[in-house]
Amino acid sequence: MTVMTDWQPGRWYRINQPNGLLWMETSNEQEARREAERTGWPLLRFWQRTDSEWRPE
């Protein structure tokens, strides 16, 4: 896996059905992992980054 130093893991997880439709979305990691294991569908995690800078007023 590529190291993404400016990206941080979010708290949301998602599982999509094989046809691409959303199956579930939750902030409960254990629930998401159990459901991914039960269905065999990939578990996605939301990653985010926040850019910031100083600007004149």
Options [x] 52, 25, 22; [y] 43, 26, 18; [z] 47, 24, 16 - which one matches Cα extents along the principal axes in Å as calculated here: [x]
With a 1.4 angstrom probe the carbon and sulfur portion of accessible area for the chain, in percent, totals 50 percent
Expressed per residue, the solvent accessible area of the chain in Å² (1.4 Å probe) is about 93 Å²
Excluding Gly10 itself, what net charge comes from residues whose Cβ is under 13 Å from its Cβ, given Lys and Arg +1 and Asp and Glu -1? +2
Quick one: net charge around Arg45, please, counting Lys, Arg +1 and Asp, Glu -1 for every other residue with C-beta under 10 Å from its C-beta. +1
What does the charge dipole of the chain about its Cα centre add up to, to the nearest 20 debye, if the Cβ of each Lys and Arg holds +1 and the Cβ of each Asp and Glu holds -1? 240 debye
At 1.4 Å probe size, with no ligands or nucleic acids counted, give the accessible surface of Trp47 in Å², nearest ten. 90 Å²
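The values are calculated or read from the model by the stated rules, or taken from the named source; none is laboratory data. Fair warning: this is a prediction, and the values are worked out from it, not measured in the lab. Heads up, the Cβs are rebuilt from the backbone with ideal geometry, glycines too, and the neighbour counts pull from every protein chain shown. Please note that ligands, DNA and RNA were not included when accessible areas were found on the heavy atoms of the full protein model with its side chains. Shrake-Rupley method; radii C 1.70, N 1.55, O 1.52, S 1.80 Å.
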